[in-house]
Amino acid sequence: MTEILHELGTIARALDSISNVEFKDLKLSKGQYLYLVRIYEQPGIILEELANCLKVDKTTASRAIKKLVANGLIERRTQLDNKKNKPLFVTKKGAQLYPMLRAEHNYSEQTALKHLTAKQQVQLQQVRRNIEKDWEIVKKGQKRNY
């Protein structure tokens, strides 16, 4: 029997490595492009929502955001009514990168899904949903029952 999680992990690491190499000239590394794309597609998203979307902890997301802010690719805006949550927005400089990031994503997705049926693609989405349930449990400090 194939160990599907091993296969999925290998796929994720390979795609991440490819992106790190291809986006090196843009000064985007360690998955920072994912943050930029999500903020571009969801302007005004707050850090906690972004971390949940990417399935990372807030500390990891915060570190990536600081680097993107320092590089002038995104900005935090203070709200008058809520100074704690600072919505995130892509700057003009960051927005200029989006078409290339999206093109890379589309190419990688087409390559990854080549020869898979629509049913198989839906099954992959179900795998993600299954794992998200456990992620929510663990995120809330609970333990999974093995």
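Some notes on this structure:
- When the chain is treated as a Gaussian network with alpha carbon springs shorter than 10 Å, the biggest mean-square fluctuation among Y107, Y40, Y98 belongs to Y107.
- Gaussian network model of the chain, Cα within-10 Å springs - most flexible of E41, E75, E136: E136
- Kirkwood Rh (inverse of mean 1/r, distinct Cα pairs), the range 1-113, angstrom: 15.0
- Surface share of carbon and sulfur [accessible, 1.4 angstrom probe, percent] for the range 1-80: 55
- FRET efficiency, N145 to E7 (Cβ-Cβ, R0 25 Å, nearest 0.05): 0.50
- For the range 30-146: accessible area per residue (Å², 1.4 Å): 71
- For the range 111-146 and the range 1-42, distance of Cα centres in Å: 17
- Annotation for H105 and R129: the two label points, set 7 Å from Cα along the Cα-Cβ direction, are 2.1 nm apart.
- Here the spin labels are modelled as points 7 Å beyond Cα on the Cα-Cβ line, and at V21 and T91 they lie 3.0 nm apart.
- Highest GNM mean-square fluctuation among Q120, Q42, Q96, for the chain modelled with Cα contacts below 10 Å: Q120.
The values are calculated or read from the model by the stated rules, or taken from the named source; none is laboratory data. Bear in mind the structure is a predicted one, so any value in this text is a computation, not a measurement. So basically every Cβ, Gly included, is an ideal-geometry build from the backbone, and we count neighbours across all protein chains shown. With ligands, DNA and RNA removed, areas are computed over all heavy atoms of the protein, side chains included. Shrake-Rupley method; radii C 1.70, N 1.55, O 1.52, S 1.80 Å.
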